[in-house]
Amino acid sequence: MDEERQSDHRRWLRDLELAHFEPTSPGMPYWLPRGMAVLRSLQDHWRRAHERWGYQEVSTPLLARDPLYASSGHLEHFADNMFFVDAGDGDRMGLKPVNCPGTMVLFRSRRRSHRELPLRLACDDPPHRNERSGVLTGLLRVQVFHQDDAHIFVTPEQAGDEIVDLLRLARRLYAGLGLEFGLRLGGPPEGHIGDDATWARAEAILARALDAVAGPDGYDRVAGEGAFYGPKADLLACDRLGREWQLGTVQLDFEMPRRLGCRYAGADGRERVPAVIHRAFLGSYERFLGVLLEHTDGRLPPFLAPVQARLVPVAERHVAGAGELAARLRERRLRVEVGDGTERVAAQVRDAALRRVPFVAVVGDREAAEGTVALRGPGGEDRGSVRHDALGDVLEAACRAPAV
Ligand SMILES: [Zn+2]
């Protein structure tokens, strides 16, 4: 089996019991308990980081009637990728394919002042997209997903600095996950909304920010790859097999906020239209996890591992003690499982490695008498004997999400 097939993330979805797919819901994962734990850990990481970075979280309806998507431009430019349902009164409603129009409705729901800007609104609602079934591949292209999505309302003058700052945050976020990204700037696609001068102004601001972060030769320009409402910078991650994945995106938009009636009062009291930066660093969590599973050959960083530690009782007489220790570790929100003591230790340790469990703690007669475990870390390295009352601290430190 070649390495690419060997590391196919769909194998890990099955072997690590993360997610299941059925033809009745194509491209829509059924998350199993262990997969849900991984997804939640990634969302918790996102939430903590974004609170620290000055974002506020919002949620908006999944369904909206056509006039919203007519104003935003999605009916004209994105309807082929949308699902629609009967509203029951002769109208129809669209299932949101993106979080932008809803977030802009929130912005315009009351009078806004320039003093509120930049206003950073994050949204973790699951968008749905109607993709051709031929392009659905496990988690890499799905029809419902979660994103580390946010919309930042800025004055046009604030946009450049804000983009520089957030690209630096994105670098830190990726570094903590063991990845780097390259950048690609997408120019105007055929039939984009707004006039060419506004596009050029937005693209110049975005390009200056990329120059500042990556250097003028540090990114590619690709014609026609922008969003229908503005230029975009894609974050391209490179995996250990040398494959490039488009994950995150940063887009600068002068059009949609104008069309959706977003306004703020400037310092002179006059009404102005804010610019909006659309941004997702990791992109869809589902796709990101698919890439990360392939990149790490199933060895997710310990804070994301579906099972973080396995306690291995040498014999059945050690099972009860191991169970009590596991209960104490679970109280600290560590994901721990316990062997049943019927299999040989070597077989249990091998099985933990196959199931990509980063920590294995063996409990035998000597350990039980001493109140310790024999601990092995990721890759099987020997961590020596650790006292029961210290094990929680050791595992907690090793399974902590990276600092951002
Ligand atoms: Zn958006």
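The values are calculated or read from the model by the stated rules, or taken from the named source; none is laboratory data. No experiment lies behind these values; they were computed from the predicted model shown. Here Cβ is always computed from backbone atoms with ideal geometry, including for glycine, and neighbour counts include all displayed protein chains. For accessibility, only protein heavy atoms count, side chains too; no ligands or nucleic acids. Shrake-Rupley method; radii C 1.70, N 1.55, O 1.52, S 1.80 Å.
V404 versus S109, label points 7 Å from Cα toward the beta carbon: distance in nm?
It works out to 2.4 nm between the two label points.
What is the packing order of peptides 170-182, 275-287, taking the mean over residues of other C-beta atoms within 10 Å and listing the highest first? Provide the component values of the computation, followed by the final result.
Values: 170-182: 17.5, 275-287: 24.7.
Per-residue mean Cβ counts within 10 Å order the peptides as 275-287, 170-182.
Give me the one-decimal nm value for the distance between modelled label points at R333 and L169, 7 Å along each residue's Cα-to-Cβ direction.
The two pseudo-label positions are separated by 2.0 nm.
Ordered by residue, what ³J(HN,Hα) values in Hz, to whole numbers, does region 17-31 give under the Karplus form 6.51 cos²θ - 1.76 cosθ + 1.60, where θ = phi - 60° and Gly and Pro are x?
6, 9, 8, 9, 10, 10, x, 6, 10, x, x, 10, x, 8, 7
What Kirkwood hydrodynamic radius, in Å, does region 81-227 give when the mean of 1/r is taken over all pairs of distinct Cα atoms and then inverted? It would help to have the intermediate numbers written out before the result.
Numbers: mean 1/r = 0.0550 Å⁻¹.
Result for region 81-227 stands at 18.2 Å.
How far is it, in nm, from the label point at T342 to the one at E116 when both lie 7 Å from their Cα along the line to the Cβ?
So the two model labels end up 6.2 nm from each other.
Hey, any idea what % of region 309-398's accessible area is carbon plus sulfur with a 1.4 Å probe? Display every interim value, and only then the final one.
On the way: 2300 of 4740 Å².
Looking at region 309-398 in its full context, I get 48 percent from C and S.
How high is the relative contact order of region 163-277? Use alpha-carbon pairs under 8 Å, at least six apart in sequence, and give a whole percent. Numbers along the way, then the final one.
Details: 199 pairs, mean separation 30.6, N = 115.
Normalised by residue count, the contact order of region 163-277 is 27 percent.
For the chain, which DSSP H helices look membrane-span-like by this rule: Cα extent along the axis of 20 Å or more and mean Kyte-Doolittle of at least -1.0? Kindly include the intermediate steps, with their values, before the conclusion.
Details: long enough: 33-52 (28 Å, -1.29); 159-176 (26 Å, 0.18); 196-214 (26 Å, 0.51).
Both cut-offs are met by 159-176, 196-214.
Would you work out the Kirkwood radius for region 337-404? I mean one over the mean of 1/r across all pairs of different Cα atoms, in Å.
With all distinct Cα pairs of region 337-404 included, I get 12.9 Å.
Find the accessible area per residue for region 3-295; the probe is 1.4 Å, ligands and nucleic acids are left out, and the unit is Å². Before the final figure, lay out the partial values.
Numbers: 12760 Å² over 293 residues.
In whole numbers, region 3-295 has 44 Å² accessible per residue.
Once Rh for the chain is found with the Kirkwood sum over Cα pairs, what is the Stokes-Einstein diffusion coefficient at 20 °C and 1.002 mPa s, in µm²/s?
Details: Rh = 23.4 Å.
Approximately 92 µm²/s, per Stokes-Einstein.
Just by accessible area at a 1.4 angstrom probe, what is the order of D80, D15 from largest to smallest? Present the calculation step by step, with values, prior to reporting the outcome.
Working: D80 140, D15 55 Å².
Order by accessible area, largest first: D80, D15.
Calculate, in nm to one decimal, what F83 and Q246 gain on full extension: separation in residues at 0.36 nm each, minus their alpha carbon distance. Kindly include the intermediate steps, with their values, before the conclusion.
On the way: separation 163, 0.36 × 163 = 58.68 nm, distance 2.37 nm.
Stretched fully, the F83-Q246 segment lengthens by 56.3 nm.
Give me the Debye-computed log₁₀ of I(q)/I(0) at q = 0.22 Å⁻¹ for region 147-288, equal point scatterers on Cα only, no solvent, two decimals.
Scattering profile of region 147-288, log10 relative to I(0): -1.43.
Rounded to the nearest 0.05, what FRET efficiency is calculated for R208 and R383 with R0 set to 41 Å and r the Cβ-Cβ distance?
0.25
Computing the accessible area with a 1.4 Å probe over protein heavy atoms, can you report the carbon and sulfur percentage for region 3-295? Each step should come with its number before you reach the end.
On the way: 6020 of 12760 Å².
Carbon and sulfur atoms account for 47 percent of the accessible area of region 3-295.
Gain in length, S59 to E324, computed as 0.36 nm per residue apart minus the alpha-carbon separation, to one decimal in nm?
On the way: separation 265, 0.36 × 265 = 95.40 nm, distance 4.01 nm.
Separation in residues times 0.36 nm, less the Cα-Cα distance, equals 91.4 nm.
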